[in-house]
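Please read the structure below before turning to the comments.
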């Protein structure tokens with residue numbers, strides 16, 4: 001983990017063969033197993049979501065052959081293009097994990113199995129309308145800004161409980177849990193605190209959720225911090241570079257300053 005988004009704490013070799021992808025996935029799963037055991041949890045309760053952003057489709061096919069049949073993408077139009085071009089792989093499912101503008105809800109409703117960045121009622125309404133048209137449902141995670149950074153999207157923790165209660169009336173949205181992006185820092189306690197805040201929020205909501213709504217899932221942790229996230233209760237870890245290799249583009253491409261077209265990293 002690093003203090004600046006553009007710094008990279010680890011350099012990962014680019015996987016170019018099915019065997020290399022299989023080895024990387026195996027290594028990440030081993031790290032998940034160790035972290036879960038250390039936390040007194042079952043590794044079966046922690047799902048690996050490989051993040052394939054910027055990865056060309058020919059390499060994604062190799063990753064699928066190695067067992068990566070559920071992939072996360074940050075930019076919805078890139079995800080849509082890949083889903084269409086790889087539609088012959090019937091076992092492949094997609095999660096959109098980056099910030100979404102309401103006018104692009106139609107794309108998510110068309111193809112995604114999950115959406116990990118729900119952060120406004122306007123977006124929930126747009127997704128509901130488009131899902132009605134597509135006659136589909138969507139697993140959603142409510143994004144919460146646990147770091148307090150203005151550069152990150154997500155609801156304030158204090159607003160998330162009421163937001164989830166309102167979602168109970170959206171029958172096309174299956175509220176699976178919560179998502180967060182931890183602060184970029186070498187201070188593990190600062191990073192861990194982001195995960196703790198989300199877990200405590202999840203516990204409060206599940207204790208009081210209306211109509212049997214139980215958003216137990218915690219989508220948190222990426223290549224540099226997923227062990228700490230597992231220790232704090234993560235049920236989905238979003239891992240990109242440790243599987244696909246370090247990216248040519250700097251993290252600032254995904255983490256621009258301000259609140260522009262911010263997209264999550266992994």
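Coordinate-derived values only; no laboratory data. Quick caveat: nothing in here was measured; it's all calculated off a predicted structure. For neighbour counting, all protein chains shown are included, and Cβ atoms are generated from backbone atoms with ideal geometry for every residue, glycine included.
Give me the number: length gained by fully extending residue 185 to residue 216, i.e. 0.36 nm times residue separation minus the C-alpha to C-alpha distance, one decimal in nm.
Between residue 185 and residue 216, full extension yields an extra 8.5 nm.
Hey, rough spin-label estimate for residue 156 and residue 203, points 7 angstrom out along Cα→Cβ, what's it come to in nanometres?
It works out to 2.3 nm between the two label points.
Give me the percent relative contact order of the chain, please, defined on Cα pairs under 8 angstrom at least 6 residues apart. List each step's numbers first, then the result.
Values: 529 pairs, mean separation 62.1, N = 266.
Over the chain, the number comes to 23 percent.
Please compute the modelled spin-label separation between residue 192 and residue 34, points set 7 Å along Cα→Cβ, answer in nm with one decimal.
Each label point is offset 7 Å from its Cα along the Cβ direction, giving 1.7 nm.
Taking the mean number of other Cβ atoms within 10 Å as a proxy for protection, how do you rank 72-82, 38-48, 197-207 from highest to lowest?
My ranking of the peptides, most packed first, is 72-82, 197-207, 38-48.
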